[in-house]
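Each remark here refers to the structure printed beneath this line.
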Amino acid sequence: MSPMVLTFFVAVCAATVLAPLAGWVCRRLNIVDRPDGNRKLHTAVVPLTGGPTLLITIPIAIASAIWFAPGILENSRGDFRFLICLAMASTFVVAVGLMDDRFGLRGRQKLVGQMIAALIMLPSGIVIEQVEVFGIPVEFGVFSSFVTLFWILGAINALNLIDGVDGLASTTGIVLSLSVAAVTWIMQGRPDGLLISMALAGSLAGFLIYNFPPAKMFLGDSGSMLIGLVLGCVALKCSVKQYTAVALVMPTAIWAIPIFDVAMAIVRRRLTGRSIYATDRGHLHHCLLRRGHTGGRLLIVVASLCGITGAGAIASALFKNEWLALVAVGTALSLLVISRSFGHAEMTLLANRVRRVVGSMFLRKTGLPLHHEQVRLQGHHEWKQLWDVLMVVAEKHKLSSAELMVNMPVAGEAYHAAWRAHPDGETHEIWRTEIPLIVDSTRVGHVKLAGIARGEFSEWLVTLGKSMQPFESDLKDIVHYIRKKPAASPPVPAIVPGLLAERVGS
């Protein structure tokens, strides 16, 4: 039997046996995920066992391979430094993940922990000093360490963010691990990278028995971050050509689907005026769920997409043609965007922003608005009626800009609209404000307004507040309707446009 095959099956068996034990310990330590009826919609308390299970199982599988074939690491040129650093970083990131699972860390606190784990990996020999993109070398010089940290942090968070549905991160991790193993074997056959990749794939396969929907155990942040760290570092280590340059196209292709999910989350949040740490239901798995892909079917869809990009990376390594990886990535991402399964709304936001920036360079002052855009990010409700009410307020008070962001993750509704006109005055005279939209003590979005100060500010502000009352009333009615309506109900009847001016006041 091949040592690599042995590693995989030992990992499967070890994870199958150790996961229940880890689950018992996590329950005793209260490292569990409790339903809250808001973001966490599962019905029972579920232990977060992924990190400890993988952290123990992977070394067991690797040790079994070394015992079976004592000389298996001889071709690694004695590079045990990488294994030691990876073991230390893995232990640390699991500890951070367990703290987050147990106590709930803030996003910035968790990011600091991830950075420390990435820093531990810098002495391991995977610093990206030079990359090759389609045969063209690119030197990073003094920025090498920064680029390496960015890659590792991206890998950690890519798997962490995609872990939102039972079994999804585990299934994705298996496909990515096998893809990394295949590319590693084709390019250099590094036994350390192969062992780690096969051990991780086997461990996840064993854990998937308990993580398959409906899940009895969750990976938790400790598990998902560990997968990202290990795969990100192994992909770098095994993509080094003669220890000089990193063939970056192939590992990037393998990671294309998780990277795309993270990139779209950043675009969606930043271009709608929210923090990148904000929660929403706009990730890939959320969008696929809304299109009817549930349970095992959703896992098959995501695994197939990752399989396409992984196959492209494997073909690229086999035929020494990086364009094959690019074509595979383009195919997978195009399937998502063109079918409007995921990424279409974000691409629309990005196109609107580019058009706005370019247009501002050439458009002269006219009576027309500089831009007026509306994007339904998620859901089916017709939010335009609410936006029309806000537009009447903007016109009445001669505002220079208005923005509406609705974000109701539980209801699967998200909407963004923005309008901007030439200010009727000097730029330094413009005031700006952000108003949180709160209904029944729950924030459902925000409104941003800007305009030229006119007369006594306090008196004018009272007038603006009175004008916003119909907007607030309509918002409450819509939110209450959405929260109460069945999933298949039609949207709430639209406000009659002819009555907008009368309701807001002339």
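Only the coordinates and a few stated rules stand behind these numbers; no lab work does. On a predicted model such as this, the values are computed, not experimentally measured, just so you know. Counting neighbours? That spans all protein chains shown, and the Cβs are built from the backbone with ideal geometry, glycine included.
Normalising the average separation of contacting C-alpha pairs (under 8 angstrom, six or more residues apart) by the number of residues puts the relative contact order of the chain at 13 percent.
Exposed loop sites here are GluC sites (Glu not before Pro) assigned a DSSP state other than H, G, I, E or B and surrounded by at most 12 other beta carbons within 10 Å; excluding them, the longest clear run of the chain is 1-425. Between amide H atoms placed 1.01 Å from N, distances below 5 Å from Val32 occur with Leu48, all of them 5 or more places distant or on a separate chain. The Cβ shell under 13 Å around Leu289 holds other residues with a net charge of +3, Lys and Arg each +1, Asp and Glu each -1. Beyond 27 Å in Cα-Cα separation lie the following of the pairs Lys216/Lys237; Lys110/Lys448; Lys398/Lys476; Lys237/Lys320: Lys216/Lys237; Lys110/Lys448.
Counted by Cβ distance under 15 Å from Gly223, the other residues give a net charge of -3, where Lys and Arg count +1 and Asp and Glu count -1. Which net charge results for the neighbourhood of Arg106, defined as the other residues with beta-carbon distances under 13 angstrom from its beta-carbon, given Lys and Arg at +1 and Asp and Glu at -1? So the surrounding residues net to 0. Sorting 248-258, 203-213 by average packing, meaning the other beta carbons within 10 Å per residue, from highest down gives 248-258, 203-213. The longest part of the chain holding none of the exposed loop trypsin sites (Lys or Arg not before Pro), meaning those outside H, G, I, E and B in DSSP with at most 15 other Cβ atoms within 10 Å, is 107-290.
Here, the chain yields an orientationally averaged convex hull projection of 26.7 nm² when only Cα atoms define the hull.
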